[in-house]
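Every number in this text was worked out from the coordinates using simple rules, so none of it is lab data. Given the structure is predicted, the values throughout are model-derived calculations rather than measurements. Note that we place each Cβ from the backbone using ideal geometry, even for glycine, and neighbour counts take in every protein chain shown.
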DNA sequence: AACCAGGACGTGA
DNA sequence: TCACGTCATGGT
């Protein structure tokens, strides 16, 4: 007989360990050139550049990550990646080059990632913002003031582009942790984010892997309804 | 053929 | 604050 009570709910670190044991290091945030070998789609994925935590190393790598966070908003990463490849082909993965790029050309390049009008606008705007930073790390508040940067994108930029310990919450995180009964469906973004940050050591490598692992796990068990079928994190008898 | 994808913004209550 | 419509393309 299995009784569900608060003591049966695993803690955040335990779940992280389980996910890491299942999937291994994910090697986020993906960067072109470094991630030349793509994982196969059978599930034997080992990540992009696993166990490498010193990236990004250059200004343009940092900028590429920022472009990626905007392009992948409500969009499959594969589509955002194609857009990035198009930009790479145009040799415009640098804020100054984006600013001097014709807007219609930009739209054509990113069309495959959807929301082309908004995203072209966002990309232009954040390019100027990035230049004005002069290499400084932006605050979360500053990032949120940029049009196109909401909670998740701000945290993604801080975590993956600047290696700061800001936990990223996305729709997958909400789905999984609602099932695990660690968060409530109606909890706000900040409530969930704060809960993770209160219950985990503030280590950017840990936050990096954790969010990436959540995405990997969700793609397997939380992309089509009903959710959580055969989820190894959940005792199937108690679903 | 609907539904989803590593969301954010503008609007009106 | 908050629910709701909108933004757009591509894959399943």
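Between residue A:194 and residue A:230, what is the FRET efficiency for a Förster distance of 22 Å, r being their Cβ-Cβ separation, to the nearest 0.05?
Plugging the Cβ-Cβ distance into 1/(1 + (r/R0)^6) gives 0.10.
For chain A, set up a Gaussian network in which alpha carbons nearer than 10 Å are linked by springs, and say which option among A:170, A:102, A:35 fluctuates the most.
A:102
What's the FRET efficiency of residue A:171 with residue A:78 using the Cβ-Cβ distance as r and R₀ = 25 Å, to the nearest 0.05?
Rounded to the nearest 0.05, the efficiency is 0.90.
Would you calculate a helix-derived [θ] at 222 nm for chain A, using -39,500 (n - 2.57) for each DSSP H run of n ≥ 4 and dividing by the full residue count, to the nearest 500?
-15000 deg cm²/dmol
Roughly speaking, what is the stretch gain from residue A:53 to residue A:103, that is 0.36 nm per residue apart minus the C-alpha to C-alpha distance, in nm to one decimal?
Full-extension gain reported as 14.6 nm.
Give me the base-10 log of I(q)/I(0) for region A:25-167 at each q in 0.10, 0.14, 0.17 Å⁻¹, Debye formula, one uniform scatterer per Cα, rounded to two decimals.
Results for region A:25-167 at q = 0.10, 0.14, 0.17 Å⁻¹ read -0.31, -0.62, -0.94.
What would the Debye formula give as log10 I(q)/I(0) at q = 0.12, 0.13, 0.20, 0.23 Å⁻¹ for the alpha-carbon point model of region A:147-239, no solvent?
Log-scaled intensity ratios, in q order: -0.38, -0.45, -0.99, -1.22.
What is the gain in length, in nm to one decimal, between residue A:90 and residue A:186 on full extension, counting 0.36 nm per residue of separation less the C-alpha to C-alpha distance?
Extra length from residue A:90 to residue A:186 when fully extended: 30.3 nm.
With the Cα gyration tensor of chain A in hand, give its eigenvalues times 5 under a square root as the equivalent ellipsoid semi-axes, listed largest first in whole angstrom.
So the equivalent ellipsoid measures 33, 19, 17 Å along its semi-axes.
Arranged from highest to lowest average of other beta-carbon atoms within 10 Å per residue, in what order do the peptides A:156-168, A:191-203 appear?
Most protected by this proxy first, the peptides run A:156-168, A:191-203.
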